[in-house]
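Heads up: the structure comes next, in structure tokens.
The values are calculated or read from the model by the stated rules, or taken from the named source; none is laboratory data. Being a predicted model, the structure only gives us computed values, none of them experimental. No Cβ is skipped: glycine too gets one built from the backbone with ideal geometry, and neighbour counts run over all protein chains shown. Remember, those area values only see protein heavy atoms, side chains included, never the ligands or the DNA or RNA. Shrake-Rupley method; radii C 1.70, N 1.55, O 1.52, S 1.80 Å.
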Amino acid sequence: MDGILDVAGLSKTFTLHERGATLCAFEDVSFSLGAGSFSALVAPSGSGKSSLLKCIYRTYLASAGSATFRSQHGDVNLVSADEHAIIELRRREIGYVSQFLHCLPRQSCLDVVARPLIALGANRVEARARASEMLEALGLPAHLLELPPATFSGGEKQRVNLARGLLTGPRLLLLDEPTASLDAQSAERAVEQITQARNRGAAILAILHDSSLVRRLADQTIALRAPVGARTEN
Amino acid sequence: MKPILDVRNLRKTFGDGCEQCGRLTGAAAATNRCPACGTIVAVRGASFTLRHGEILGVMGESGSGKSSLVRMLYFDEAPVSGSAVFDDKGTPVEMFALNAAQQRRLRNTRFGMVYQNAHMGLNFGISAGGNIAERLLLNEQAHYEKIRERARYLLERTGIAAARMDESPHRFSGGMQQRVQIARALATDPPLLLLDEVTTGLDVSVQARILDLILELQEALGLSMVVVTHDMGVIRQLATRTLVMKNGEVVEQGLTDQILEDPQHAYTQQLVSAAL
């Protein structure tokens, strides 16, 4: 199994200046992700799972440790890499699907999903066609495609978010509860698309609360026990 | 990849300065005015790079030095020290080593500026179309019909009916005046746009349309931009990276989502929590 991401001794402590306080989100976490593998982060709420994903995506700055990503252009430590390198990796190799959809307002759902592809140089018509296929595969009703997602339901927004994360075919996919707001049938469609991404060679790191999904999908589970550390089980 | 703009230790003061200015001003001292000599240290050694096609946000409250920073880059103000290297079609140019004529050429052809106050960016004594023509004339274009055609195109591109091109900006709303400023800034196809609080003071719906226009132009034309604002919503929507300034000092810079979700500096934390 080719390694894609090596996380070593990663820790995150927030310093809240105004309160004169520090808050440890997680501590000394180490694990590796291989190409074409699915790893599930499992732990109770508040043990730092989302913070861990955000540190890997660099929305949060880790306090210690490293996250070495084997990019197509060599190894990059995501914790300390230059911001422009992170922007490039986000565009081409690392996808992140958060729990909540953040997107530009006033844009149609199709444009929201197609945008990252267009930014990579795809023709707008083609990008929108591929976005439409992906949204259809995830079961988003066709009449919503040209509407801005602001008024969508939680489950609809989640599918838009997932479609956007999957469409550019990232080599590392970070998923924060990708099926949490979906009904059983929609969740199954989402799992199908995520599995296809894995079969294409993506390394997937997902926060999942549904233990039956974990058993079905995960090649590895990573248990966080903040703030004392993480235990990896293969 | 070479940046379009590489700014190093840019410094601007108003006043003669003294030996104590360095110690008695800045974010830690919580003032930009030296209590010993009265000098205002507007910008104390700002450094950043801007990539081609990138939008960099500059955030901070009034008096933080963010406007002084872009005004130096547009040659409205001269820095007391520091450098800015502009990549002029592959040729690195040290902006502050240029003579006045060379600086005017960069300003008129390679940079576009949009000010918060339309009176600073537009000549209210002439028509909207005339404002665009003025910039083209500075760029040694003299063919009357071609200039009118370009002005008409740019006004329509920025959402102003061409039928109104011969009217004075006096007769336009605030949002329309900002559009005319943007059209004027774009007249010579500059690769670099400097935007100083362009949406401040406008109705939110007008703000939204101006932001949409800026993004659309950036995507269509591949422009690089420095966007100065105190509005975190503007930063969130436009900028991929953000610089935070306080009392003339850059206290923090990083990816915009990191600055907004995991701010490191006490001042940035205060700004972000104030906005929520």
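Surface composition of the range B:149-276: carbon and sulfur make up 49 percent of the accessible area, probe 1.4 Å.
Scanning residues 5 or more positions from A:Ile222 or on other chains, those with amide H under 5 Å from its amide H are A:Ala40, A:Leu41, A:Val42, with H placed 1.01 Å from N in the peptide plane. Translational diffusion of the range A:134-218 was estimated from the Stokes-Einstein equation, with Rh taken as the Kirkwood radius over Cα pairs; at 37 °C and 0.692 mPa s the coefficient is 249 µm²/s.
Springs between alpha-carbon atoms under 10 Å, Gaussian network over chain A: tell me which of A:Arg124, A:Arg58, A:Arg189 tops the mean-square fluctuations. Greatest mean-square fluctuation among the candidates belongs to A:Arg124. In Å², nearest 100, what accessible area do chains B and A bury in total when the solvent probe is 1.4 Å? Buried area between the two chains comes out at roughly 1800 Å². Taking the Cα centre of chain B as origin and assigning +1 to Lys and Arg Cβ atoms and -1 to Asp and Glu Cβ atoms, the resulting dipole is close to 500 debye. For the range A:95-152, chymotrypsin sites (Phe, Trp or Tyr not before Pro) are listed when DSSP marks them as loop and at most 13 other Cβ atoms sit within 10 Å of their Cβ; the list is A:Phe100.
Pairs from the list A:Lys54/B:Lys2; B:Lys66/B:Lys246; A:Lys54/B:Lys66; A:Lys12/A:Lys54; B:Lys2/B:Lys89 with a Cα-Cα gap above 20 Å: A:Lys54/B:Lys2; A:Lys54/B:Lys66. Using just its DSSP H runs of length 4 or more, each adding -39500 (n - 2.57), chain B gives a mean residue ellipticity at 222 nm of -10500 deg cm²/dmol after division by all residues. Report, in whole Å, the centroid distance computed from the Cα atoms of the range B:19-86 and the range B:222-255. Spelled out, the Cα-based centre of one part sits 14 Å from the other. Overall shape: oblate for the range B:103-206, with the ratio a/c of the largest to smallest alpha carbon gyration tensor axis at 1.5 or above and b/c at least equal to a/b.
Looking at chain B, the DSSP beta bridges with both ends there are about 60 percent antiparallel.
Here the average projected area of the convex hull drawn through the C-alpha atoms of the range A:1-136 stands at 10.8 nm². Positive end of the dipole of chain B (Cβ unit charges, origin at the Cα centre): among B:Gln207, B:Gln269, B:Ile259, the Cα lying farthest that way belongs to B:Gln207.
For chain A, the carbon plus sulfur part of the accessible surface works out to 49%, probe radius 1.4 Å. In this structure, the amide hydrogen of B:Asp88, modeled 1.01 Å from its nitrogen in the peptide plane, lies closer than 5 angstrom to those of B:Val93, counting only residues at least 5 positions away or on a different chain. Geometric descriptor of chain B, per residue, is 134 Å³ (volume of the convex hull of the Cα atoms).
Residues in the range B:183-198 carry Karplus couplings, in order, of 4, 5, 4, 7, 3, 9, 6, x, x, 10, 10, 10, 10, 10, 6, 5 Hz; the curve used is 6.51 cos²θ - 1.76 cosθ + 1.60 with θ = phi - 60°, and Gly or Pro positions show x. Charge tally around A:Ala122: other residues with Cβ under 14 Å, Lys/Arg +1 each, Asp/Glu -1 each, net +3. Placing +1 on the Cβ of every Lys and Arg and -1 on the Cβ of every Asp and Glu, with nothing else charged, gives the range A:27-139 a dipole about its Cα centre of roughly 320 debye.
Projecting the Cα atoms of A:Leu41, A:Ile86, A:Val113 onto the charge dipole of the range A:24-152, computed from C-beta unit charges around the Cα centre, puts A:Val113 farthest toward the positive end. Of the residues in the range A:29-76, those shielded by at least 50 Å² of accessible area once partner protein chains are present, compared with the chain alone at a 1.4 Å probe, are A:Thr59, A:Leu61. By its C-alpha gyration tensor, with a ≥ b ≥ c as the square roots of the eigenvalues, how is the range B:145-276 shaped: rounded for a/c under 1.5, else prolate for a/b larger than b/c, else oblate? It comes out prolate by the Cα gyration axes.
Please grab the % of Cα pairs in the protein assembly as shown that end up more than 32 Å from each other. Cα-Cα pairs in the protein assembly as shown separated by more than 32 Å: 49 percent.
Remark: the protein assembly as shown carries 43 Å² of accessible area per residue (probe radius 1.4 Å; ligands, DNA and RNA excluded). With an a/c value of 1.5 or above and a/b larger than b/c for the gyration tensor axes a ≥ b ≥ c computed over the alpha-carbon atoms, the range B:1-73 is described as prolate. Remark: the range B:86-126 is approximated by an ellipsoid whose semi-axes, taken from the C-alpha gyration tensor as √(5λ), come to 25, 11, 9 Å, largest first.
Considering every alpha-carbon pair of the range B:42-154, the percent of pairs per 10 Å bin, from zero through the bin containing the longest distance, is 11, 37, 35, 15, 2. Normalised size of the range A:29-100, defined as Cα radius of gyration per 2.2 N^0.38 Å with N residues, equals 1.11. Think of each Lys and Arg Cβ as +1 and each Asp and Glu Cβ as -1; about the Cα centre, that makes the dipole of the protein assembly as shown roughly 500 debye.
Per residue, chain A reaches -10500 deg cm²/dmol at 222 nm when only DSSP H runs of four or more residues are counted, each adding -39500 (n - 2.57). Computed from Cα atoms alone, the Kirkwood hydrodynamic radius reported for chain A is 18.2 Å.
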